Structures are given as C-alpha cells and as structure tokens.
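Here is the structure we will look at.
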Ligand SMILES: Cc1ncc(COP(=O)(O)O)c(C=O)c1O
C-alpha cells in the first residue's frame, strides 16, 4: 500500500505493508533473523536487523502514516521511545516539561537526563505564560503530555507550538492516551509524537513497545542514527503483535470510549466517589482546549474515592478489571496511581502534584459496561 491519503480506518487495517512482498502472505511474517545475506558481497535492502527488519518496517510505516510523519521508529518500550527521542538533546541543554507526567517519564526526566548534563524543569504547561517565563537561553525543547497522566490537565498544543517557534524549541508530545485516532499532534505543528505502543496501539496487554514519528526529515535522520546506534529496537515478534493490534484500534477504542462515557457519568453519581476527571464530562475544566485539538475524550478516567478504606475494599473485591499499572487493553485495567503508575515519584512530590492515595485510574475496556458497573458497585457496597 503506498497511498498516504487513505482514511485512518483503512490505514489501520492495511498499514504501510498489508502483504509480504516475498510471498504474498496476508500478514507480514515474523522475520526472526539477525542478519541478511550480502549477495556477491553487496548489501540488499536489509543488512543487519538492528538497522532494519521487514517486520519492524511495517509498524514504523504504520505510525508514520497514522500521525502524518515522514518516518516512524519502533522501540522496545514506550520509555525507550521517549529516551531515544530525547537523545536529540545534549549536555548543557535545558528541557521544560509538563509537571503532571507518567511516572516513568518523570523518573527519566528527573533522574537520568540531569546525569547527562541536561537541566530539566517541570512546569505547569497548561499556562502558556508560565512556559514563556521558564524559558532560558539554554532551553531547547518542550516535552508535553496532554491530557496529562493521571490528572488530565490540558495543554494547548497550538500555543506551545507558537512559543516553540518564537524561541526555536523542539516540541515533543507523548500521545499515548489519545492515539493518532483522537489527536494528531504533528498536524498542529508538534515536532515529535511519541507512543507507548504497549497501550492502545497494541491493545491486548501482551507486549511492550514504543513508537516515535516526526514530519521533519532532518529530525527523522537524527532519530534513525540514534536508534541504530543505541539499538533499543522492537523485536520481530513484538512488531507482529503490535501490527496485529493496530489493525483493530478503531473498533476497540470506539467501544472502550463508549463504555468510558457511561462509566464516568455513573461514577459521578456514586456516593463513595469524590472527584471524577474525564474529558467527556460536562464540567471537565479543560474541555474547550481538549476538544479544540482532540476528537474524543478517550477511554481513561481518573477518580477519587472518599477514603483509603474504600480504595482498599475496591482493590480487594473487584473481579473484572485487572489491577495493574497499565492502560489501553481490551480488558478494563484499574490502577492505584499512588502505588503503581506513579510509584517512582516520592510521596511528597505526588501530594504536591495532586496525586493522593485515594486516586484511582480506570482504563475502561470493551467488556459489557453493565457487567463492569455491577462488579464495581458490588465491590464498593
Ligand atoms: C502515557 C505513558 N507514556 C509512556 C509510558 C511508558 O511506556 P512503556 O511502559 O511501554 O515503556 C506509559 C506507560 O504506562 C504511559 O502511560
């Protein structure tokens, strides 16, 4: 398939390659080979699997097509994708990032980058004036997450792009929560989109993967150089699983989002529940900004229970959701952000960020929502 103008549902199914060029097989095989024969001493299209592999090409082309990039890159995990995209920075550079971030990104930005001589400041990116004020002569990039994880703070991507252009900064967005189906950051001028493919793109909680794409050929060249040099590439079997998951993303995401809308409305009415944070709710604070840059609320909800005892009761009794630090699977996943997804962040920092032990995040799956709700209310009874 070479036509870039297909609509997303078609791209998801056919991706960049919908049949094996060598055999016509309807699925790109798992090319489980580390190296390739050099005919008469000459390398062909492929020469060594860290540099390129047909199974990996499929998912790399898929993410580029879906996000509108010139080239995609597949990594061994979402964090490997984030770290590899941030390899564009060098010692002495200054990075500004959203202060409500996935815990693993927080750990990388605050624990690893400073060791490499990169200064990082976590700031409130929902306020463009605060971003402007935090820029120094050394600032080189903005690392963003919107909606943020787990508090769903909304950063205005167009405003960030305008600031970045003015100050010659690179913009990177973790688009995991939304997927390219609901939010297309490169269209808004963001330089680099990053995904944990472990989540909605894979969709079955059976692999770790990371994806990066950019519309800038020069940046793509530099990321390719780092990907090949560092070597945290996605293995062929995981490429196969990811490509297979991507084919059904639209069906899964629409079904999960439909369930999430119903679940969020019902959570609002439940006596044990305090705050419910979900872009699909009428009173969601960042609603206007979110829907100016995204086409749906997604399938993840954060909510507070009124006491820690209720949290413990829910986690002990609920049967259907897997209780785990992840999201985006066909099954509902319930996360205690304090001890799971954001465990890497010290307690005092978490409290400052607004992450309390009573906060839960639910990634609503595609089960029957009535079964999910009955399970939830029974566990809390
Ligand atoms: C928003 C977000 N970004 C990045 C990551 C990291 O992805 P991975 O676990 O695939 O390394 C996660 C994982 O939970 C995430 O939720």
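The values are calculated or read from the model by the stated rules, or taken from the named source; none is laboratory data. Please read all numbers here as calculations on a predicted model, not as lab measurements. Every residue, glycine among them, receives a Cβ derived from its backbone with ideal geometry; neighbour counts consider all protein chains shown.
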Original post:
Out of the residues in region 61-79 that are closer than 24 Å to residue 110 by Cβ and crowded, with 23+ Cβ neighbours inside 10 Å, which is nearest to the ligand (Cβ to nearest atom)?
Top reply: 78
Original post:
Within region 318-335, restricting attention to residues that are over 14 Å from residue 301 (Cβ atoms) and within 16 Å of the ligand (Cβ to nearest atom), which residue is nearest to the chain's Cα centre (by Cα)?
Top reply: 326
**OP:** Spot the failing condition for residue 150; the list is (1) touching a helix residue (DSSP H, G or I) at 6+ places or on another chain (Cβ under 6 Å); (2) touching a residue at least 60 places away in the same chain (Cβ under 8 Å), and only one is missed.
**Re:** (1)
**OP:** Mind listing just one residue for me: the one in region 110-141 that is away from the ligand (no atom under 16 Å from the Cβ) and within 19 Å of the chain's Cα centre (by Cα) and, of those, nearest to residue 172 (Cα to Cα)?
**Re:** 141
Original post:
From the list 368, 349, which one is surrounded by fewer than 17 Cβ atoms within 10 Å (Cβ to Cβ), away from the ligand (no atom under 16 Å from the Cβ) and at pLDDT 95 or above?
Top reply: 368
Original post:
Out of all the residues in region 306-322, is one or more touching a residue at least 60 places away in the same chain (Cβ under 8 Å) and under 17 Å from residue 176 (Cα atoms)?
Top reply: no
**OP:** Determine, yes or no, whether residue 158 is over 29 Å from residue 99 (Cα atoms), modelled with pLDDT of 95 or more, out of contact with any strand residue (DSSP E or B) (no Cβ under 9 Å at 6 or more places or on another chain) and part of a helix (DSSP H, G or I).
**Re:** no
Subject >> Filtered residues of region 51-76 (kept if in a helix (DSSP H, G or I) and within 19 Å of residue 178 (Cβ to Cβ)) >> reply: 59, 62, 63, 64, 65, 66, 67
Original post:
What are the residue pairs meeting all of these: first residue in region 191-219, first residue over 19 Å from residue 240 (Cα atoms), second residue within 10 Å of the ligand (Cβ to nearest atom), Cβ atoms under 6 Å, and 6 or more apart or on different chains?
Top reply: 193/175; 194/81; 194/82; 194/174
**OP:** Find all pairs meeting these conditions: Cβ atoms under 9 angstrom apart; at least six residues apart or on different chains; first residue within region 66-95 and on the phi > 0 side of the Ramachandran plot; second residue assigned to a helix (DSSP H, G or I) and crowded, with 24+ Cβ neighbours inside 10 Å.
**Re:** 68/180
Subject >> Residue list for region 84-96, filter: assigned to a helix (DSSP H, G or I) and surrounded by fewer than 21 Cβ atoms within 10 Å (Cβ to Cβ) >> reply: 87, 88
Original post:
If residue 115 satisfies every condition in (1) in contact (Cβ under 8 Å) with a residue 24 or more places away in the chain; (2) in a helix (DSSP H, G or I); (3) farther than 25 Å from residue 279 by Cα but one, which is the exception?
Top reply: (1)
**OP:** Determine which single condition residue 99 fails, assuming it passes every other condition in (1) over 17 Å from residue 212 (Cα atoms); (2) surrounded by fewer than 19 Cβ atoms within 10 Å (Cβ to Cβ).
**Re:** (2)
Subject >> residue 105 surrounded by fewer than 18 Cβ atoms within 10 Å (Cβ to Cβ), in a helix (DSSP H, G or I) and within 16 Å of the ligand (Cβ to nearest atom) >> reply: no
